[in-house]
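Just so it is clear, none of the values below were taken in a lab; they were calculated from the coordinates. Computed from a prediction, not measured in an experiment: that's the story for all the values here. Methodologically, a virtual Cβ is constructed for each residue, glycine included, from the backbone with ideal geometry; neighbour enumeration extends over all protein chains shown.
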Amino acid sequence: MGKKDPYALMVMQRRIYGYFFNKTGEVLYIGSSSCKLNTLEYNHRNAFDKYPGEKQTKFRTALQKKIKDGTFRILVELDCIREEIEDLEGQLIRAFRPPYNKDMDPVKSSYDNNRY
């Protein structure tokens with residue numbers, strides 16, 4: 001079971017970001033966060049040290065080993081609740097099908113994991 005987000009229903013600035021391979025410009029991953037770009041990049045790149053013992057995503061594992069030559073970029077910034085940003089995130093994931101996105105429906109996953 002996921003951890004309930006106490007800020008899920010609070011309107012706040014949230015972002016959808018992409019991780020792009022520098023050589024080709026291909027989007028390798030799409031995610032959403034309320035963190036600033038430098039913070040979310042730090043969290044992803046340092047997840048194994050910052051969150052020891054936690055299961056890490058396919059994307060975070062690849063950042064450690066395979067896809068270091070890439071850039072995080074903000075795609076959307078919006079004042080909204082978590083469900084709204086995750087709905088847009090899901091639409092972008094399904095449209096672009098980034099290879100490191102396993103979850104095609106972030107809203108459903110958040111409901112399934114009791115995050116709202």
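Figures for the structure shown
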quantity	calculated
Nonlocal amide H pairs with Ser34, under 5 Å, H built at 1.01 Å	Arg15
For Val107, net neighbour charge (Lys/Arg +1, Asp/Glu -1) across residues whose Cβ lies under 12 Å away	-4
Two-decimal Rg to Rh for region 13-112 - Kirkwood Rh, Cα set	0.94
Neighbour net charge for Lys66 - beta-carbon separation under 14 angstrom, K R +1, D E -1	+4
